[in-house]
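Quick one: the structure is below, questions incoming.
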Amino acid sequence: GDSVTQMEGPVTLSEEAFLTINCTYTATGYPSLFWYVQYPGEGLQLLLKATKADDKGSNKGFEATYRKETTSFHLEKGSVQVSDSAVYFCALSLRVGGFQKLVFGTGTRLLVSP
Amino acid sequence: EPEVTQTPSHQVTQMGQEVILRCVPISNHLYFYWYRQILGQKVEFLVSFYNNEISEKSEIFDDQFSVERPDGSNFTLKIRSTKLEDSAMYFCASSTNYGYTFGSGTRLTVV
């Protein structure tokens, strides 16, 4: 079935370090890909998305490129801040009839220290 | 910016009791969803709802669960007889053809 695999956390970095969180997917069709972020005590917020191969999603300094050949959507940020500490979820969506069903990875906790 | 509103933010209930989790989706959205996140685990799809009926449901969504849109604005998830393993964060979401919006979740604790 359709699935998303993320690197296990926690990822611990110092402020201003480079971040990569790996995400690969398995899907029968042509999914859209997403990164969601969950700050402590809060709900899921869409961070960025890409809807087709070679698209790059970006937001708040984070980027991810939809790589069909490697079925990957790795999240990167050049210089992390303490405020980026959160859990990051990679997800894919497939259209089922008229609606989109999201399939999430297990989440990767990022801890950024000053 | 339009929001999906969930109430309550936290509910504690005794095992075997019925609970109703409430959601107000974004008004012009047509598709409605419930997802669940057991503490420390991934977010899992429970059910989708369109045109006053269930579009798809997961294996988790057994006979103990039901959904309803009673008045054209609220969207509810009912758990008939709660079990300890129902303790989780429950997220409501609504969507158009172009994207999802999630609510901030209801943390359900079954004791």
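Please compute the per residue accessible area over chain B with all protein chains in place, 1.4 Å probe, rounded to a whole number of Å².
Details: 5750 Å² over 111 residues.
Here the residues of chain B average 52 Å² of exposed surface.
Residues of segment B:65-109 with accessible area at least 30 Å² lower in the all-protein-chain context than alone (1.4 Å probe)?
B:PHE91, B:ASN97, B:TYR100, B:PHE102
Quantify, in whole percent, the carbon and sulfur part of the accessible surface of chain B (1.4 Å probe; protein heavy atoms only).
On the way: 2570 of 5750 Å².
After summing per-atom areas, the C and S share lands at 45 percent.
Can you work out the FRET efficiency for the pair B:ILE38 and B:GLU1, with r the C-beta to C-beta distance and R0 = 45 Å, to the nearest 0.05?
0.95
For chain B, what's the relative contact order in percent, using C-alpha pairs closer than 8 Å and at least 6 residues apart?
Taking the mean separation of contacting Cα pairs over the length of chain B, I get 39 percent.
Near A:PHE89, within a Cβ-to-Cβ distance under 14 Å, what is the net charge of the other residues, with Lys and Arg +1 and Asp and Glu -1?
Working: positive: A:LYS49, A:ARG109, B:ARG36, B:LYS42; negative: A:GLU8, A:GLU42, B:GLU44.
Charge balance near A:PHE89 sits at +1.
Rounded to the nearest 10 Å², what accessible area does A:GLU15 have for a 1.4 Å probe in the complete protein model?
Near enough 70 Å² of accessible area.
Just flag the chymotrypsin sites (Phe, Trp or Tyr not before Pro) in segment A:1-100 sitting in loop per DSSP whose Cβ has no more than 12 other Cβ atoms within 10 Å. Walk me through the numbers on the way to the answer.
Details: sites: A:PHE18, A:TYR25, A:PHE34, A:TRP35, A:TYR36, A:PHE62, A:TYR66, A:PHE73, A:TYR88, A:PHE89, A:PHE99; in loops: A:PHE18, A:TYR66, A:PHE73.
The qualifying sites are A:PHE18.
Next question, about the same structure. Per residue, how much accessible area does chain A show when a 1.4 Å probe rolls over the protein heavy atoms, in square angstrom?
Details: 5420 Å² over 114 residues.
Counting only protein heavy atoms, the per-residue value for chain A is 48 Å².
Out of the DSSP beta bridges found with both residues in the protein assembly as shown, what percent are antiparallel (nearest 5)? List each step's numbers first, then the result.
Values: 74 of 82 bridges.
Roughly 90 percent of the beta bridges in the protein assembly as shown run antiparallel, per DSSP.
Based on the Cβ-Cβ distance from B:ARG107 to A:THR71, what FRET efficiency comes out when R0 is 35 Å, to the nearest 0.05?
With R0 = 35 Å, the Cβ-Cβ based efficiency is 0.55.
Also: Give the accessible area for B:HIS29 in Å² (nearest 10); use a 1.4 Å probe, count only protein heavy atoms, and leave out ligands, DNA and RNA.
It works out to around 20 Å².
Counting protein heavy atoms only and a 1.4 angstrom probe, how many square angstrom of accessible surface do chains A and B bury in total, to the nearest 100?
Adding both sides of the contact gives about 1500 Å².
When only alpha-carbon atoms count, how far does segment A:63-114 stretch along each of its three principal axes, as whole angstroms with the largest first?
47, 22, 16
List the lysines whose Cα sits under 20 Å from the Cα of A:LYS49, skipping any in the same chain fewer than 8 residues away.
A:LYS60, A:LYS68, A:LYS77, A:LYS101, B:LYS42
Then there is this: How much of the accessible area of chain A, probe 1.4 Å, is carbon plus sulfur, in whole percent?
Working: 2660 of 5420 Å².
Ligands and nucleic acids excluded, carbon and sulfur give 49 percent.
Can you pull the percent of Cα pairs in the protein assembly as shown with separation above 30 Å?
Working: 6120 of 25200 pairs.
Above the 30 Å cut-off, the protein assembly as shown has 24 percent of its Cα pairs.
Which number comes out as Rg/Rh for chain A once both Rg and the Kirkwood Rh are worked out on C-alpha atoms?
The Rg/Rh ratio comes out at 0.97.
The values are calculated or read from the model by the stated rules, or taken from the named source; none is laboratory data. It should be emphasised that the depicted structure is a prediction, and the values quoted were computed from it without experimental measurement. A quick note on method: Cβ atoms are made from the backbone with ideal geometry, for glycine too, and the neighbour counts reach across all protein chains shown. To get the accessible areas, we keep the full protein, side chains included, count just its heavy atoms, and leave off ligands, DNA and RNA. Shrake-Rupley method; radii C 1.70, N 1.55, O 1.52, S 1.80 Å.
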